[in-house]
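The values are calculated or read from the model by the stated rules, or taken from the named source; none is laboratory data. Worth saying up front: this structure is predicted, and the values here are computed from it rather than measured. Cβ atoms come from the backbone with ideal geometry, glycine included; neighbour counts cover every protein chain shown. Surface accessibility is based on the protein's heavy atoms, side chains included, excluding ligands, DNA and RNA. Shrake-Rupley method; radii C 1.70, N 1.55, O 1.52, S 1.80 Å.
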Amino acid sequence: MQRSTLTRFLIEQQRNADALPAELRLLIEIVARACKTISHSVAKGALGEVLGSLDSENVQGEVQKKLDVIANELLLEANEWGGHLAAMASEEMETIHRIPNRYPKGEYLLLFDPIDGSSNIDVGLSVGTIFSVLKAPEAVSGRDVTEEDFLQSGRAQVAAGYAIYGPQTLLVLTVGTGVYEFTLDREVGSWIMTDSAMTMPQGKCEFAINMSNRRQWSPAITRYIDERIEGTAGPCGKDYNMRWTASMVADVHRILKRGGIFMYPADSRVANKAKLRLMYEANPMSFLIEQAGGAATDGLTPLMDLAPNGLHQRVGVVLGDKAEVETVTAYARSMATATA
Ligand code: AHG
Ligand code: MN
Ligand code: MN
């Protein structure tokens, strides 16, 4: 069987579906190329001296791993010169990275989490890169891009995706016309389409949550999980399975392929305390999940409807199986009414 490549897919999207301006196609190609290089570094592991931590912390106060910084630099360098971007933002950088004056500027904004699942780097488990693309507001022409220009809701994304560095290196992408998966053919160096128009299976009884955070959960999340743990004896009447890899890319990828629900709820005891980042993790994953027929909320509101209030804003995340996500929302609503 003749399989399509990423390049061919993008050209066909540009030609047929009219979904893709040429600049955006170039941007995606360059991000995908940078992910190949990151994949190469990740795969070298201890042999490439890329494992371990640095002395530095990122803006979120998290200790940076060597690979966080290497991947961040690779993405910046790869995307600076192409002329397709106005600016970039990364989980690993305090503020935005403007395109240097020596290069032409374009109309897109690129946001990324260079290495997602950093705690898995040193133990040889799957990590990934997550990215999101927005259009710069029209008003930026003739002036410097600012952080505020990035603060657009997830609905404004024109492309989103992730690379996952696991048993294979995969790229999963949406430009708003469905979700497509490509596998890196290392011998040839090409991304080959291995799954198209992906729809996530519904009705599967599997949840992903870090159970050790139970003390932080809201009553709605606690009720949802406790009922599932009760299995056939409980109100769901079904036994559920649980998985947690601590790499959002890997957990979300599993959910796209075989269904279930992923949750990293906010800490209900402290206002605005959550782990995952809206702009680099929640929004791109929500775009992919919704495109594949699932749902994504902060426990109540669709994530992509939120108006961001900061580049590094963190949010609760509940995504995957539509009916299960709706059950969480219904519990949150009814419990809010009960306490009102
Ligand atoms: P990052 O490595 O980019 O900081 O993201 C890690 C995130 C996400 O990938 C994962 O779902 C979650 O953190 C795991 O958190 P716990 O270690 O608290 O389970
Ligand atoms: Mn991450
Ligand atoms: Mn990260």
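Residues in segment 134-153 that are in a loop (DSSP other than H, G, I, E, B) and among the aliphatic types (A, V, I, L, M) were compared, and the one that is nearest to ligand 1 (Cβ to nearest atom) is Leu151.
Step by step: first the residues of segment 91-118, then only those that are touching a residue at least 24 places away in the same chain (Cβ under 8 Å) and of a type in the set (S, T, N, Q), then the one that is nearest to ligand 3 (Cβ to nearest atom). Which residue is that? Per the criteria, the residue is Ser118. For segment 223-237, taking the residues that are under 21 Å from Ser334 (Cβ atoms) and at pLDDT below 95, the one that is surrounded by the most Cβ atoms within 10 Å (Cβ to Cβ) is identified as Cys236.
For segment 266-281, taking the residues that are surrounded by fewer than 18 Cβ atoms within 10 Å (Cβ to Cβ) and aliphatic (A, V, I, L, M), the one that is nearest to ligand 1 (Cβ to nearest atom) is identified as Val270. Which of the residues belonging to segment 62-96 are open to solvent by less than 40 Å² (accessible area, probe 1.4 Å), within 22 Å of Gly128 (Cβ to Cβ) and in a loop (DSSP other than H, G, I, E, B)? Within segment 62-96, Glu91, Glu92, Met93 meet the criteria. Among the numbered conditions (1) over 19 Å from the mean Cα position of the chain (by Cα); (2) among the β-branched types (Val, Ile, Thr); (3) modelled with pLDDT of 95 or more, the only one that Val50 does not meet is (3). Met279 passes every criterion in (1) of a type in the set (A, V, I, L, M); (2) within 16 Å of ligand 2 (Cβ to nearest atom); (3) out of contact with any His (no Cβ under 8 Å at 6 or more places or on another chain) apart from (3).
Could you please find all residues in segment 288-318 being part of a loop (DSSP other than H, G, I, E, B) and away from ligand 2 (no atom under 16 Å from the Cβ)? If you could, list the steps in order and put the result at the bottom.
Restricting attention to segment 288-318, the residues satisfying the condition of being part of a loop (DSSP other than H, G, I, E, B) are 292-294, 298-301, 306-313, 316.
Matches in segment 288-318: Ala292, Gly293, Gly294, Asp298, Gly299, Leu300, Thr301, Leu306, Ala307, Pro308, Asn309, Gly310.
Once segment 97-133 is narrowed to residues that are aliphatic (A, V, I, L, M) and not in a strand (DSSP E or B), the residue that is nearest to ligand 1 (Cβ to nearest atom) is Ile121. Scan segment 163-174 and give yes if some residue there is outside the structural domain of Asp305 (by TED's automatic domain parsing), out of contact with any Asp or Glu (no Cβ under 7 Å at 6 or more places or on another chain), open to solvent by less than 10 Å² (accessible area, probe 1.4 Å) and in a helix (DSSP H, G or I), otherwise no. Scanning segment 163-174 turns up no residue that is outside the structural domain of Asp305 (by TED's automatic domain parsing), out of contact with any Asp or Glu (no Cβ under 7 Å at 6 or more places or on another chain), open to solvent by less than 10 Å² (accessible area, probe 1.4 Å) and in a helix (DSSP H, G or I). For first residues located in segment 276-287 and part of a helix (DSSP H, G or I), partners that are acidic (Asp, Glu) and lie 6+ apart or on another chain with Cβ distances below 7 Å form the pairs Tyr280/Glu91; Tyr280/Asp113; Glu281/Asp113; Glu281/Asp116. With respect to the conditions (1) touching a residue at least 60 places away in the same chain (Cβ under 8 Å); (2) within 16 Å of ligand 1 (Cβ to nearest atom); (3) in contact with a Leu (Cβ under 8 Å, 6 or more places away or on another chain); (4) of a type in the set (A, V, I, L, M, F, W, C), Ala159 falls short on a single one, namely (2).
Out of segment 313-329, which residues are under 15 Å from the mean Cα position of the chain (by Cα) and closer than 15 Å to Ala266 by Cβ?
Of the residues in segment 313-329, the ones under 15 Å from the mean Cα position of the chain (by Cα) are 313-320.
Answer for segment 313-329, where residues must be under 15 Å from the mean Cα position of the chain (by Cα) and closer than 15 Å to Ala266 by Cβ: Gln313, Arg314, Val315, Gly316, Val317, Val318, Leu319.
Within segment 124-143, which residues are open to solvent by 70 Å² or more (accessible area, probe 1.4 Å) and either within 16 Å of ligand 2 (Cβ to nearest atom) or modelled with pLDDT of 95 or more (or both)? Answer for segment 124-143, where residues must be open to solvent by 70 Å² or more (accessible area, probe 1.4 Å) and either within 16 Å of ligand 2 (Cβ to nearest atom) or modelled with pLDDT of 95 or more (or both): Leu125, Lys135. Considering only residues of segment 241-265 that are open to solvent by 40 Å² or more (accessible area, probe 1.4 Å) and assigned to a loop (DSSP other than H, G, I, E, B), which is nearest to ligand 1 (Cβ to nearest atom)? Here the answer is Ala246. Flag: Ala87 does not match the condition of being closer than 24 Å to Arg33 by Cβ, within 16 Å of ligand 3 (Cβ to nearest atom) and either in contact with a Phe, Trp or Tyr (Cβ under 6 Å, 6 or more places away or on another chain) or of a type in the set (Gly, Ala, Ser) (or both).
Taking the listed residues Ala34, Ala43, Ala19, the one that is open to solvent by 10 Å² or more (accessible area, probe 1.4 Å) and modelled with pLDDT of 90 or more is Ala43, with no other qualifying. With respect to (1) out of contact with any Asp or Glu (no Cβ under 9 Å at 6 or more places or on another chain); (2) acidic (Asp, Glu); (3) open to solvent by 40 Å² or more (accessible area, probe 1.4 Å), the lone exception for Glu29 is condition (3).
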